[in-house]
Each structure stands twice: as C-alpha cells, then as structure tokens.
C-alpha cells in the first residue's frame with residue numbers, strides 16, 4: 001500500500017497549484033472587496049484554463065471532459081480548495097456529474113455544452129422549508145400533454161445569477177414521499193422562471209446565492225433527467241462524488257493552505273524573546289492540525305479509491321464530509337488564534353478563510369445529518385463500516 | 001534538427017534552505033525538489049523552436065539520482081519528446097555534467113543544446129561554457145532571444161549595460177537567461193501523454209565518463225545576519241549621512 005503520488009499526479013498537482021497561485025490568488029482580494037468577479041476577467045480565466053485542459057476534468061473524455069479518475073480528481077479538488085469558490089467555478093467548472101444521467105438528445109443539449117463551458121449549471125434542491133430534509137420539498141411537476149409543468153420555489157442556489165440552466169428537484173408523485181421526487185433540467189430563459197434576489201452570505205463572496213421561482217413553467221419531455229421518482233437517489237449517489245470533491249477535498253486543501261500560514265506565523269512571530277512556535281500551547285494547535293489534516297486526506301483518498309473500484313462509497317463519503325469540514329473548521333479557528341489580533345483583522349486573509357470555512361460544515365448536508373446517517377449505517381452493517389476485514 | 005536540453009533536479013525555489021548543523025552541506029531531508037527554473041526556460045525555448053518548425057525533436061537529459069526522472073517527466077509533460085536519465089547518486093560537479101553531456105551529444109548529434117544559464121542550488125554558471133569548450137562549439141550564454149535561421153542562430157545576450165546580439169554557427173550551445181521566455185503550464189492531455197514517453201537510463205560508466213568530484217567542500221555556512229540600518233528623519237539628513245559614508 002503506497003500512498004505517494006505518481007509522477008503524473010505530482011505534475012498535475014504542481015501545475016494546478018501554479019495556476020492557482022499565479023492566476024487566481026492575485027484576484028481574491030479584489031473579488032472580496034467588490035463582491036463580484038468582473039465578467040471579462042472570468043472569461044479570460046476560463047479560456048486560459050480550458051486551453052490547458054483544466055476545465056471539467058471530472059467529466060469523461062467522450063463528453064469532452066478531462067476523464068480523471070476519482071482519486072486524481074480529488075487531488076485536483078484539493079488544490080482548488082486553496083482558492084475561492086467563484087474562481088474555481090469560472091476557471092475549472094463545477095460540472096455536476098448528475099448531468100451524466102443525460103441520454104439521447106439531452107447529451108448535446110445540456111451535458112456537452114456544460115462540459116465545454118458554454119453553458120453553466122447550478123443544482124437547485126434546497127427550499128426555504130426543505131434543507132436537510134430534502135424529501136419535504138414543495139416544488140412540484142405535473143404531467144401536461146407530452147411534457148411537464150413546474151411550480152414552486154428554491155433558495156440558496158449557488159451561482160444562480162450566472163447559470164444558464166438548473167437541475168431542479170420536484171415532486172412528481174405526491175403519494176410516494178421520497179420516492180416521488182424527480183430531477184428536471186430547466187433552462188433559465190424558460191417562460192415562468194424568475195431569478196430572485198442574491199441572498200447575502202457570511203463568506204464565499206463573489207458567488208451568488210439566489211432564490212428561484214417557477215410559475216407554471218412548461219417543460220418538454222426531454223427535461224426530465226433520469227427516471228421519474230429517482231431524484232433523491234441521484235442526489236445521494238451521483239452528487240456523492242461532488243460532495244467528496246467540492247466539500248471534502250476542497251476542505252482538506254483549504255485547511256492545508258491555512259495551516260501553512262499558521263506554521264509560518266508560529267516560526268516568524270516573536271514574543272517574549274522567542275518564536276511563538278516554541279510555546280507548547282501553540283505547538284499543540286499545530287500538531288493537532290497536522291494530525292487531523294493527514295487523517296482527513298487519507299479518509300478522502302480511501303473514499304475516492306472505493307468509488308474508482310466500483311464499491312458503494314456512500315458511508316465513506318459521509319464520513320469524509322463530516323471529518324474534512326470539521327477539520328477545516330478547527331484548523332481555521334486555530335489559525336485565527338495563532339495570528340491573534342492580526343487573525344481577526346481584515347488586513348490579512350485569515351479572517352476571510354475563517355468566514356469561508358464555516359459553511360463547509362453546513363452545505364451539502366450538515367454535519368448532523370451525515371453523522372446520523374453514519375450511525376444508522378453502522379447500526380445496520382456493523383463492522384463493514386469501520387473494519388476492513390469485514391468490509392465487502 | 002534535434003535540440004538537447006539538460007535539466008537539473010534542484011531544491012524548489014520557494015524552499016528556505018537550512019545548513020546542516022555540522023556545516024557539511026544543505027539539509028535536503030523532506031525538502032521539496034523541482035526542475036531548475038532556468039532549465040524550465042530552456043525547455044520552453046526548445047519547444048517554441050520546435051513549434052516554429054526550426055527543430056524536429058526535443059530530448060531532455062538529466063544527470064542525477066533516480067528521482068531526477070520526475071524532473072524529466074515534468075519537461076515531457078510540457079511537451080518534450082523523450083528523456084535520458086544518467087543515474088548518479090551523490091554530487092556531480094559542472095565539469096562532470098559537461099563531460100556526460102559531451103558523450104550524450106556525440107550519440108544524439110543535436111544541432112543545438114539549450115541549458116539554463118545556471119542551477120539555483122550551487123549557482124555555478126559553468127556547465128554550458130564547459131560543454132562548449134569540450135565540444136569546440138560556439139556558445140551564446142545569458143540568452144534573452146534566440147532566432148534560428150538555417151545553419152546559424154542569432155542570440156541576443158544580456159550583458160552589462162545592455163544587449164548584445166551574436167551570430168553562432170550551428171551546432172552551438174545556448175544558455176537561457178530569465179527573460180528569454182515564460183515557461184508554459186503542462187496541459188492535462190500532455191501530462192497524460194508524458195506517462196507514455198520513453199526515458200532511457202544510462203550510467204556515467206556506460207558513457208565512459210568519470211564524474212568523481214574534483215573539488216572538496218570545506219564548510220557550508222549560513223550567510224551573516226543582516227544588521228539593522230539607521231533611520232533618518234529627512235532627505236537632508238540622508239544626503240548628509242551618504243556624504244559622511246563617502247558614497248556621494
């Protein structure tokens with residue numbers, strides 16, 4: 001069992017890190033201050049990244065993507081975590097793998113344009129009354145003629161202002177509960193689709209989070225993604241790799257970057273005549289962060305390797321989601337503490353990382369929801385969940 | 001025409017190196033290594049010449065430990081065609097490297113060898129010049145521009161006080177300065193292709209070269225700590241101090 005990176009993995013990681021440090025990091029403060037990424041800058045980043053094959057690396061080559069394995073994609077996503085959400089979206093693309101459910105004419109209409117970066121997609125599942133309890137959505141689609149009519153409301157839809165189409169969850173069979181929910185591909189220019197206000201957030205500046213309103217939106221039959229009634233299942237399975245990457249791997253990358261800064265500060269900052277890194281209370285914070293980041297990354301790689309091997313990784317993904325996001329939260333908090341007053345000050349980016357880190361414990365399923373899921377799985381399957389000898 | 005580009009595995013330029021406590025050298029334990037930045041510029045230049053139709057193949061050579069294959073692979077991912085690793089554990093001095101390269105040149109018959117002007121670890125700035133002397137080839141060092149035209153190359157050199165352009169008859173040696181170009185990013189498709197590109201392994205003995213060090217390092221030490229400067233309150237005071245110091 002060798003956990004060292006291969007030469008090509010190393011090169012990919014080095015190139016992405018260089019791209020992020022040279023092209024993206026210098027833009028972060030401007031985006032933070034202005035609350036937006038100028039469209040011409042976004043366009044330029046996209047074109048540079050696209051030319052290098054760094055856009056939509058998670059999508060198979062047959063659809064125009066980079067065709068990375070899950071493990072390789074996690075290495076890339078970890079690097080993405082070193083910059084901000086909006087810069088990742090525009091440079092590398094958040095092309096959701098749920099779009100791989102596209103078949104027939106859907107491939108040319110939605111999947112390929114999204115992979116090429118011509119059309120941007122957001123996932124619209126959350127509603128004001130349905131967050132963690134995704135089965136309690138009220139948005140509904142009813143059969144009408146050869147298509148569907150969509151009615152309802154979504155909120156907190158990340159990147160909604162920029163997106164060209166949405167993957168929307170809607171009830172199609174009210175009598176079937178969680179098994180009566182389907183996913184739809186909804187173009188933003190459809191009659192009856194209204195983009196609401198951009199909901200201001202604690203962090204992730206530059207990425208919009210909008211309300212969406214659907215007022216008798218007529219959808220043709222092609223707009224149904226996958227099979228009816230399977231929407232929640234897709235959200236759990238297909239979005240699993242997204243959760244692993246966009247939350248798990250990015251949290252590990254962000255924590256790593258923050259720890260780099262904290263270690264630097266502990267080495268450089270002198271008080272009472274010595275570097276503060278010589279004080280054991282500071283050392284404790286650093287050592288805990290090192291251990292937790294290493295553990296989080298190994299759990300991440302384990303889950304990624306399970307996906308590549310075709311095993312059911314749902315419980316592992318949940319563990320990564322909880323562990324990586326909570327690790328990021330602790331590492332960011334310790335970094336503020338190690339930097340002291342400067343950590344709280346807006347003159348350094350530490351406070352921004354701290355604010356940006358907070359949502360990792362919330363989005364894509366809260367720590368509590370995933371924790372409960374892990375406990376249920378353990379009570380059902382026992383050792384299979386925590387003992388490799390028992391695992392299938 | 002073939003272009004040979006030697007690449008060296010060195011401490012990453014971001015790393016703050018530390019001297020070993022016994023003064024015997026630099027501590028390389030757990031230190032990130034990378035391709036010498038000037039060599040990256042040399043690889044980029046060779047690739048641009050190839051893309052401009054001036055060269056048909058770019059061959060990378062590294063003299064170093066097994067891990068130097070990684071450095072070659074980085075250049076292959078940028079777009080070079082193949083690599084040669086001359087395996088040596090332990091330090092190799094510029095003259096040793098130049099002798100190895102001479103043997104490689106004899107086998108490969110390139111029209112041009114582009115090297116970094118120096119490696120950022122020992123800053124010797126000797127290998128290119130020594131190779132030119134061993135081969136009896138013309139050399140254009142500290143190049144900031146290279147224009148190949150048939151059997152000759154115009155090399156613009158960064159010299160004290162400005163630029164100098166010289167004409168070299170090929171085959172020739174060029175060493176790359178910082179402003180020659182900006183090295184590209186390796187693209188994802190090229191990174192994947194690099195895996196399949198061949199790296200041939202050789203030893204100095206295969207080439208009939210003795211690379212045993214001729215120099216002895218007596219001591220490695222930290223640079224002296226800088227002392228704090230004096231603060232001045234006004235321009236007049238500054239001018240007064242400078243006069244006092246006899247510098248103006």
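The values are calculated or read from the model by the stated rules, or taken from the named source; none is laboratory data. Keep in mind it's a predicted model, so treat the numbers as computed, not measured. Note: ideal-geometry Cβ built from the backbone for every residue, glycine included; neighbour counts use all protein chains shown.
Okay, here's what the table says:
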| read-out | value |
| --- | --- |
| Condition check for residue A:346: in contact (Cβ under 8 Å) with a residue 12 or more places away in the chain, more than 26 Å from residue A:155 (Cβ to Cβ) and not in a helix (DSSP H, G or I) | no |
| Residues satisfying the stated conditions in region B:30-45, i.e. in contact with a helix residue (DSSP H, G or I) (Cβ under 9 Å, 6 or more places away or on another chain) and either free of Cβ contacts under 8 Å to residues at least 12 places away in the same chain or part of a helix (DSSP H, G or I) (or both) | B:37, B:38, B:39, B:40, B:41, B:42, B:43, B:44, B:45 |
| Test: residue in region A:380-388 that is within 18 Å of the chain's Cα centre (by Cα), part of a helix (DSSP H, G or I) and assigned by TED's automatic domain parsing to the domain that holds residue A:237 | no |
| Members of region A:51-104 that are in a helix (DSSP H, G or I), away from every other protein chain (no Cβ under 14 Å) and without any contact (Cβ under 8 Å) to a residue 12 or more places away in the chain | A:62 |
| Enumerated strands (runs of 3 or more DSSP E) restricted to region A:145-237, each holding at least 2 residues that are surrounded by fewer than 16 Cβ atoms within 10 Å (Cβ to Cβ) | A:193-198, A:209-219 |
| Residues that are at pLDDT below 95 and assigned to a loop (DSSP other than H, G, I, E, B), drawn from region B:125-169 | B:150, B:151, B:160, B:161 |
| Filter pass, residue A:365 being in contact (Cβ under 8 Å) with a residue 12 or more places away in the chain and in a helix (DSSP H, G or I) | no |
| Hey, residue A:93 under 20 Å from the mean Cα position of the chain (by Cα) and closer than 26 Å to residue A:182 by Cα or not | yes |
| Residue count, region B:45-69 (criterion: within 14 Å of chain A (Cβ to nearest Cβ), surrounded by 23 or more Cβ atoms within 10 Å (Cβ to Cβ) and farther than 18 Å from residue B:120 by Cα) | 1 |
| Residue within region B:178-195 that is in contact (Cβ under 8 Å) with a residue 24 or more places away in the chain, in contact with a helix residue (DSSP H, G or I) (Cβ under 8 Å, 6 or more places away or on another chain), away from every other protein chain (no Cβ under 14 Å) and not in a loop (DSSP other than H, G, I, E, B) present | yes |
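Conditions tested, residue by residue: (1) within 21 Å of residue A:78 (Cβ to Cβ); (2) more than 10 Å from chain B (Cβ to nearest Cβ); (3) in contact (Cβ under 8 Å) with a residue 24 or more places away in the chain; (4) under 20 Å from the mean Cα position of the chain (by Cα).
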{"residue": "A:2", "(1), (2), (3), (4)": "yes, yes, no, no"}
{"residue": "A:9", "(1), (2), (3), (4)": "yes, no, yes, no"}
{"residue": "A:14", "(1), (2), (3), (4)": "yes, no, no, no"}
{"residue": "A:18", "(1), (2), (3), (4)": "yes, no, no, no"}
{"residue": "A:27", "(1), (2), (3), (4)": "yes, yes, yes, no"}
{"residue": "A:30", "(1), (2), (3), (4)": "no, yes, no, no"}
{"residue": "A:37", "(1), (2), (3), (4)": "no, yes, yes, yes"}
{"residue": "A:42", "(1), (2), (3), (4)": "no, yes, yes, yes"}
{"residue": "A:49", "(1), (2), (3), (4)": "yes, no, yes, yes"}
